[in-house]
Amino acid sequence: MGLSLTENAASHIASYLGERGKGLGIRLAVKTTGCSGLMYVLEPVDEPQPEDLKFDSKGIDVYVDPKSLIYLDGTEMDYVKQGLNEGFEFKNPNQSGECGCGESFTV
């Protein structure tokens, strides 16, 4: 299945990488934290790791390590603006719940 980006997410990432002046794409990973157990982590990729899996979505390379892919496979990443708030949202078919503040999730 892999990972996918919406047009809004791809546009935001392309703009960010352009302003940054470097970067091959973005890394999406999960780490153990929070009250529900897992948290999404995003960072720019200047040099891929040998074990990284690469997914191209709307012209953006998204890198994922194999351990994170277990939790992220099939996820669609969106960038949403609602009033004064804006940020990435994840539509993850593996997610079974999340904490009340929305910072962490469980599968």
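Before anything else, pin down the relative contact order of the chain: Cα pairs under 8 Å, at least 6 apart, normalised by residue count, whole percent.
The value is 32 percent.
Taking a point 7 angstrom from the Cα of Glu76 along the C-beta vector, which residues in region 46-63 have backbone N less than 20 Å away?
Residues 55-63 qualify, since their backbone N sits under 20 Å from the label point.
Mind putting a number on the dipole of the chain about its Cα centre? Charges go on the C-beta only, +1 for Lys and Arg and -1 for Asp and Glu, and I need it in Debye to the nearest 20.
60 debye
Taking the radius of gyration and the Kirkwood hydrodynamic radius from Cα positions alone, what is the Rg/Rh ratio for the chain, to two decimal places?
0.95
As a check on your grasp of the helix formula, calculate [θ] at 222 nm for the chain: sum -39500 (n - 2.57) over DSSP H runs of n ≥ 4, divide by the residue count, round to the nearest 500.
-6000 deg cm²/dmol
Can you give the % of DSSP beta bridges in the chain that are antiparallel, to the nearest 5?
So the antiparallel bridges in the chain amount to around 85 percent.
Run the numbers for Lys22 and Leu42: contour at 0.36 nm per residue of separation, minus the present Cα-Cα distance, in nm. Working shown, then result.
Numbers: separation 20, 0.36 × 20 = 7.20 nm, distance 1.58 nm.
Length difference between fully extended and current span is 5.6 nm.
FYI, it's all coordinate maths here, none of it is from the lab. Computed from a predicted structure; not experimentally measured. Positions of Cβ are generated from backbone atoms using ideal geometry, with glycine treated the same way; all protein chains shown enter the neighbour counts.
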